[in-house]
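Trainee: Questions regarding the structure given below will be posed in turn.
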Amino acid sequence: MFVEMVSQGIKGTPIDRLVPFIDTFDPAPYVPSERVRLVGREVIPALLSALAERGLVAFSGHDLNLVAGICSRAGGKMHLIQCCDPQYHPRTTPADTNVLVLVRDGEAIGCIASRLIWCEDTIAAEMASGRFWVSDPATMWKERCFTNAMSSSIRACHVVYCGSVYLDPSIRGGTTLAALVRLHLLWLICHWRWSWLIGLVRGDLIDYHAFDVYGAQTLQQALWRDRNGDGQLHRYQLAVTERSASMEAWLRPEMADLKRPMGLPPRSIVPHEAPLLSPRHRSAQPVSSANQPVRV
């Protein structure tokens, strides 16, 4: 299938900037060899097979123009944040940029992108000054960004920003999104050195996506920033994951099971968990002392 896809080309996407995901997965020597074998033999083949069953192929690249091209064809359904926008980062390299693209019938229909960013000051200061978001704040940063949540310990280290997640509306079923995210996270943990991985999550996606799909470790209180120059401050939750926690949570057999949320501990600890009620279903429950919130 890979050969056929390359020979046909990908509609609207420069084919020379994309390589089949499996051909780019070459973990760094500092990743424990036993975990590399586990991921390479059990997890990645299962995730790629799940996508192939839906007619999807995963490609990797290092050019933010890939993401910008998908965004331009998304009809306003995708938001391209500055640190993943080639307009604000014209000189990215494979050492600091990774993009995973999903292709169906020769057309790019989904993506996720990450940037490896050095934070000299606290990450809150880097974000407020624009240094985190754009390559030249003096000429490119005209927006506002405020947060009261970031720990001062996140400084003088490499941070991965993971975002620009998109799936074409024709894609149905959460397992496709789960496979897209898991392949990308496995690439990040096995190829880059970083201390923290962060992402922005809107309020309506926090209940399910932050932990079970994106694999976040914690949520910081809040971050407010402009979006698309609309002059309004939009509120996001900041999903934060420490590298050491990611090594334990992501490099394990359970990552191959797309029906199992990423936020669950290993099966040896939690073999089964009762499903969570969505906010809509919770509000429909009868009010009684048995279902009042309990502080633990």
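Readers should treat all values here as calculations from the given coordinates under stated rules, not as data from a laboratory. Note that the structure is a prediction, hence the values are computed from the model and not measured. Glycine also receives a Cβ, built like all others from the backbone with ideal geometry; neighbour counts cover every protein chain displayed.
Trainee: Sorting check: for 47-56, 102-111, which peptide has the highest mean count of neighbouring beta carbons within 10 Å, and how do the rest follow? Please report the intermediate quantities before stating the final value.
Mentor: Values: 47-56: 16.0, 102-111: 20.6.
Descending mean neighbour count gives 102-111, 47-56.
Trainee: Taking the Cα centre of the range 2-257 as the origin, how large is its charge dipole in debye, to the nearest 20, when only Lys and Arg (+1) and Asp and Glu (-1) carry charge on their Cβ atoms? Write out the running numbers ahead of the final one.
Mentor: On the way: 24 positive and 27 negative charges, 58 e Å.
About 280 debye.
Trainee: Now for a separate question. Applying 1/(1 + (r/R0)^6) with R0 = 25 Å to the Cβ-Cβ distance of Asp26 and Ala156, what FRET efficiency is obtained, to the nearest 0.05?
Mentor: 0.30
Trainee: Hey, what does the equivalent ellipsoid look like for the range 2-257, semi-axes from the Cα gyration tensor as sqrt of 5 times each eigenvalue, largest first, whole Å?
Mentor: Values: eigenvalues 152, 96, 60 Å².
Ellipsoid half-lengths, sorted descending, are 28, 22, 17 Å.
Trainee: Ordered by packing density, taken as the mean number of other Cβ atoms within 10 Å over each peptide's residues, highest first, how do 81-87, 194-200, 40-46 rank?
Mentor: Values: 81-87: 19.3, 194-200: 20.9, 40-46: 16.1.
Going by the mean number of other Cβ atoms within 10 Å, highest first, we get 194-200, 81-87, 40-46.
Trainee: What is the range 123-250 by shape, rounded, prolate or oblate, if you read a ≥ b ≥ c off the alpha carbon gyration tensor as root eigenvalues and call it rounded for a/c under 1.5, prolate for a/b larger than b/c, and oblate otherwise?
Mentor: Values: a/c = 1.71, a/b = 1.26, b/c = 1.36.
Note, shape of the range 123-250 comes out oblate.
Trainee: Further, regarding this structure: May I ask for the distance between the Cα centers of the range 212-266 and the range 123-178, given as a whole number of Å?
Mentor: If you average the Cα positions of each part, the centres end up 12 Å apart.
Trainee: Could I ask something else about it? Rule-of-thumb check for the range 65-185: C-alpha Rg over 2.2 N^0.38 Å? Mind showing how you got there, number by number?
Mentor: Working: Rg = 15.5 Å, N = 121, 2.2 N^0.38 = 13.6 Å.
Expressed relative to 2.2 N^0.38 Å, the Cα Rg reads 1.14.
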